[in-house]
Amino acid sequence: MHRWPPDILGLGDAVKKYIDDGNSLSIRDRSGVIKELEDRFAAIHDRKYALTVSSGTMALCSAFFAMDPQPGDEIICTAFSFHSTASSARIWGLNVIFCDVEPDTGNIDVSKLERLITLRTKAVVSNDMWGHPCDKDVILAICRKYDLLYIEDCSHAHFSEYKGKYSGTFGDIACWSFQSLKFLSGGEGGILLTDNFAFYERAVLLGHYSWRSLQTAATPGFTELGAS
């Protein structure tokens, strides 16, 4: 007879305690292990706000929603990545302009980035393929020059470093996956980090319990929306 929960790496008792601990499997606000994870992950990356979500894909969906996309807005996205890096933007009607990648790293080729910018470009989206960081200094310089947002997809790059700083500490919003094959795995799940409260607030309202929205949203009218 199989024991439940399974004893994975000696963690069976910890998992059982988590399951037996009342509402822990469905935490409806920023409390418990969710708060602990968000606070720790944000502190490690020196970011102000963290939001746990159901997957890396949902983190990207939340990031693009947080940008408040308007009809006709474009993003420039790396052409080599898991589909969610781009398809999450299409959900909100953003037009995706693909940028070619470096043949040796698979990362966005920053030498081809600037020529793709138009008056409709709103953000640049990169990943760090297989944990190898892309050229963030150049991307940031281009984003500042053209007043663009920078979204980092760090799903392959947990604790990868670029010039002594972790991936995910450069963009306006950064997203990670905790899927089972990732370097840092939660079985499933994801997380979003940002220093911009307006982005954080919109991301919270997209797909979280009303308790979380009421607890963290501050803009007049947003709390009523989150509670509806």
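For the residues 129, 58, a 1.4 Å probe over the protein chains yields an accessible-area ranking, largest first, of 58, 129. Rg ratio for the stretch 39-127: its Cα radius of gyration over 2.2 N^0.38 Å, N being its residue count, equals 1.16. Among 90, 212, 144, the sequence by solvent-accessible area, most first, with a 1.4 Å probe is 144, 90, 212. Projected label points at residue 144 and residue 95, each 7 Å from Cα along the beta carbon direction, are separated by 2.9 nanometres.
Pairs 35/163; 112/136; 48/112: which are spaced more than 24 Å apart, C-alpha to C-alpha? Pairs exceeding 24 Å: 35/163; 48/112.
Please give the contour-minus-distance gain from residue 114 to residue 44: 0.36 nm per residue of separation, less the Cα-Cα distance, rounded to one decimal in nm.
22.0 nm
Computed from backbone phi, the HN-Hα couplings of the stretch 191-204 come to 8, 10, 10, 7, 9, 9, 5, 4, 5, 4, 4, 5, 5, 4 Hz, rounded to whole numbers (Karplus: 6.51 cos²θ - 1.76 cosθ + 1.60, θ = phi - 60°; Gly and Pro given as x).
Distances between placed amide hydrogens fall under 5 Å for residue 121 paired with 74, all partners being 5 or more residues away or on another chain.
Excluding ligands, DNA and RNA, the accessible surface per residue across the stretch 25-165 is 48 Å² with a 1.4 Å probe. Label positions at residue 68 and residue 87, each projected 7 Å from the Cα along the C-beta direction, are separated by 2.9 nm. Net length available on complete extension from residue 104 to residue 218 is 36.5 nm, with 0.36 nm assigned per residue and the Cα-Cα distance removed.
The values are calculated or read from the model by the stated rules, or taken from the named source; none is laboratory data. In this text, all values refer to a predicted model and were calculated from it rather than measured experimentally. All Cβ positions, glycine included, derive from the backbone under ideal geometry; neighbour counts span all protein chains shown. The protein model used for the area step is the full one, side chains on, heavy atoms only, and it has no ligands, DNA or RNA in it. Shrake-Rupley method; radii C 1.70, N 1.55, O 1.52, S 1.80 Å.
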